[in-house]
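In what follows, a structure is listed as structure tokens, so that the remarks can point back to it.
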Amino acid sequence: MLPTDTEAVLQVRGLTKAFGSNTVLRGIDLVVPRGKVVALIGPSGSGKTTILRSLNGLEMPDAGKVTVGARDASTEQALTVDFGDAAASKKARAAEVAALRDRSAMVFQHYNLFPHKTVLQNVIEGPVQVQKRPRSEVVAEAEKLLARVGLADKRDAYPFELSGGQQQRVGIVRALALKPQLLLFDEPTSALDPELVDDVLAVIKELADEGWTMVIVTHELAFARQTADEVVFMDGGVVVERGPASQVLRNPKEERTQAFVRRLLHEI
Amino acid sequence: MDFNLFWSSLGPMLLGAIKGTIPLSLASFVLGLLIALIIAVMRISSNKLASGVGRAYVSIIRGTPLLVQLFVIFYGLPAIGVKLDPWPSAIIAFSLNVGGYAAEIIRAAILSVPRGQWEAGHMIGMSRNQTLLRIILPQAARVSVPPLSNTFISLVKDTSLASLILVTELFRVAQQVAAFSREFMLLYLEAALIYWVICLVLSTAQTRVEKRLDRYVAH
């Protein structure tokens, strides 16, 4: 499962998106090589979450190209969706986006676990119902993943019986069980009580070390510094600065980045 | 009061409930829920025609008296060559009626499920219909049990209107015995009592269903 090559798993070119008269993305480029972690940081409303949601087909960008690489280059091809291509019918576009979505999995800020399903049912729903994989195999994998994040004994619990941190770890396991190319984290710890944040971040850090390709929207700068290979600072729908985590977070070149980093560090 | 008449009429009236009121209510409710589900999904559809038809249906059903609907189907339709027996007429009228009211309940319940649930369903790769069936409706069901129970209880009582299109149910039996014995007070109170008992049973059932559906919610 560990990636060995360095080809790009994700390529985004010129992504734009407006909600009515409010333009939230103004031509975003992003490349994430296999096994690398990119952290998106920036003030609220800068467009970070919209990028992530566009990659998972939860928002429809107005223009731009998104390419997600193949799991196995021998049997699959990289998949590109050109959102600016107006010729595509609504139906064809929906099918393209669904194919794109199949290659990534998302962890939501508010977990969005299915409240009427147990922990195990939450995790196996996608692999069994959508991917049509054999149930026994999926359950065995799910149990292993749950054990990894310390939730083996919560298998038959309902989400309301879990703490926020536990729910988010189930959210992560649900994403992993889909065997995606790309993991997307949308402010995974923003809704958590402070004392629960570290457990969740530790799990994400472990996945990064294991070689998963990830895009993480986060406000946890210390975590970004430890985990991310590249940090992308966004403001007003554009990328203001990008580079190695140590450089962008310790010695930012752009004034806007400096102000943002300073403000967040002062808060802590 | 003539208690002999009370006891001797109880058997035929209960039979009227068992052979008339109860099966009529059950059949109409099940069919009505099916209609309601279809109409509710049409109403939340982005397709303008579908949502328009759904809205018109609800408006007509809620805007006209149930008795009129019943009479149009039983006494009116023969004029255009559709002649239906009392039972099918009653079931059609009551299920169309329940469909209109329950559609609004189901629609509101679907809309009450947080948007994040749709997104999580899509995230794991489900289509809109799959998400609706497996993720949204089970959660909407919990919210809609109390109002749907209300609809069902109203329906049980409304089936007494079927007596006016010659369906032999509880109230028609009461009317027949009363016409014969002239003991109106006794017999109509007796009928009322039986309706009340049926509704008490339904209320208890409602509580049980709610408890069962509440097992995954914090208390």
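Given the structure, is B:S144 within 14 Å of chain A (Cβ to nearest Cβ), of a type in the set (S, T, Y) and crowded, with 18+ Cβ neighbours inside 10 Å? So B:S144 fits the description; yes. All of (1) surrounded by fewer than 21 Cβ atoms within 10 Å (Cβ to Cβ); (2) outside any loop (DSSP other than H, G, I, E, B) hold for A:I172 with one exception: (1). Look at segment B:66-83: where a residue is surrounded by 14 or more Cβ atoms within 10 Å (Cβ to Cβ) and a partner is hydroxyl-bearing (S, T, Y) and assigned to a helix (DSSP H, G or I), sitting 6+ places away or on another chain with Cβ atoms under 6 Å, you get B:I73/B:S89; B:F74/B:S89. Residues of segment B:196-219 that are of a type in the set (D, E, K, R), free of Cβ contacts under 8 Å to residues at least 40 places away in the same chain and within 14 Å of chain A (Cβ to nearest Cβ): B:R212, B:R215. For segment A:122-134, give me each residue that is more than 8 Å from chain B (Cβ to nearest Cβ) and either within 20 Å of A:Y158 (Cβ to Cβ) or buried (at least 17 other Cβ atoms within 10 Å of the Cβ) (or both). Selection gives A:N122, A:V123, A:I124, A:P127, A:V128. Within segment B:112-119, is there a residue that is over 22 Å from B:G54 (Cα atoms) and away from every other protein chain (no Cβ under 14 Å)? Checked against the condition, which is being over 22 Å from B:G54 (Cα atoms) and away from every other protein chain (no Cβ under 14 Å), segment B:112-119 yields no hits at all.
Any idea which of A:L52, A:L151 is within 14 Å of chain B (Cβ to nearest Cβ) and under 22 Å from the mean Cα position of the chain (by Cα)? Going through A:L52, A:L151 in turn, just one is within 14 Å of chain B (Cβ to nearest Cβ) and under 22 Å from the mean Cα position of the chain (by Cα): A:L52. Evaluated against (1) facing chain B (nearest Cβ under 10 Å); (2) assigned to a strand (DSSP E or B), A:V38 falls short on exactly one condition, (1).
Residues in segment A:81-120 that are more than 24 Å from A:S190 (Cα to Cα) and of a type in the set (F, W, Y): A:F83 only. Checking B:R182, B:R208 one by one, the residue that is under 24 Å from B:Q139 (Cα atoms) and at pLDDT below 95 is B:R208 and no other. Just one of the listed residues (B:I105, B:I136) is within 14 Å of chain A (Cβ to nearest Cβ), under 30 Å from A:N112 (Cβ atoms) and hydrophobic (A, V, I, L, M, F, W, C), namely B:I136. Hey, does segment A:91-102 have a residue that's in a loop (DSSP other than H, G, I, E, B), within 11 Å of another protein chain (Cβ to nearest Cβ) and crowded, with 19+ Cβ neighbours inside 10 Å? The answer is yes; a qualifying residue exists. Taking the listed residues B:L155, B:L164, the one that is surrounded by 20 or more Cβ atoms within 10 Å (Cβ to Cβ), at negative phi, at pLDDT 90 or above and not polar (S, T, N, Q) is B:L155, with no other qualifying. A Cβ distance below 6 Å, combined with a sequence gap of six or more or placement on separate chains, defines the contacts here; from segment A:103-128, residues that are assigned by TED's automatic domain parsing to the domain that holds A:I51 and without any contact (Cβ under 8 Å) to a residue 60 or more places away in the chain reach no residue that is charged (D, E, K, R) and in a loop (DSSP other than H, G, I, E, B).
Just to be sure, is A:V139 in a helix (DSSP H, G or I), within 14 Å of another protein chain (Cβ to nearest Cβ) and either under 20 Å from A:L178 (Cα atoms) or under 21 Å from the mean Cα position of the chain (by Cα) (or both)?
It is false that A:V139 is in a helix (DSSP H, G or I), within 14 Å of another protein chain (Cβ to nearest Cβ) and either under 20 Å from A:L178 (Cα atoms) or under 21 Å from the mean Cα position of the chain (by Cα) (or both).
The sole residue among A:T16, A:T50 that is among the hydroxyl-bearing types (S, T, Y), under 28 Å from B:R128 (Cα atoms) and part of a strand (DSSP E or B) is A:T16. Only one of the numbered conditions (1) within 11 Å of chain B (Cβ to nearest Cβ); (2) in a loop (DSSP other than H, G, I, E, B) is violated by A:A70, and that is (1).
Of all residues in segment A:1-45, which are modelled with pLDDT under 90, touching a strand residue (DSSP E or B) at 6+ places or on another chain (Cβ under 9 Å), among the small types (G, A, S) and closer than 22 Å to A:A245 by Cβ? If the condition is that a residue be modelled with pLDDT under 90, touching a strand residue (DSSP E or B) at 6+ places or on another chain (Cβ under 9 Å), among the small types (G, A, S) and closer than 22 Å to A:A245 by Cβ, then A:A8 is the only one that fits. Each residue in segment A:13-46 was checked for being surrounded by fewer than 24 Cβ atoms within 10 Å (Cβ to Cβ), closer than 22 Å to A:D85 by Cβ and touching a Ser or Thr at 6+ places or on another chain (Cβ under 9 Å), and 8 of them qualify.
Among the residues of segment A:168-184, are any out of contact with any strand residue (DSSP E or B) (no Cβ under 9 Å at 6 or more places or on another chain) and within 22 Å of A:P33 (Cα to Cα)? No, segment A:168-184 has no match at all.
I'm trying to understand the selection: among the residues of segment A:66-84, which are touching a residue at least 24 places away in the same chain (Cβ under 8 Å) and crowded, with 17+ Cβ neighbours inside 10 Å? A:V66, A:T67, A:V68, A:G69, A:F83, listed by residue number.
Exactly one residue out of A:V119, A:V81 is more than 10 Å from chain B (Cβ to nearest Cβ) and farther than 11 Å from A:V170 by Cα, and it is A:V81. For segment A:155-166, a residue qualifies if it is assigned to a helix (DSSP H, G or I) and away from every other protein chain (no Cβ under 12 Å), and the qualifying residues are A:G164, A:G165, A:Q166.
The values are calculated or read from the model by the stated rules, or taken from the named source; none is laboratory data. Note that the coordinates shown come from a computational prediction; the quantities given were computed from them, not determined experimentally. Note that each Cβ is placed from the backbone with ideal geometry, even for glycine, and that neighbours are counted across all protein chains shown.
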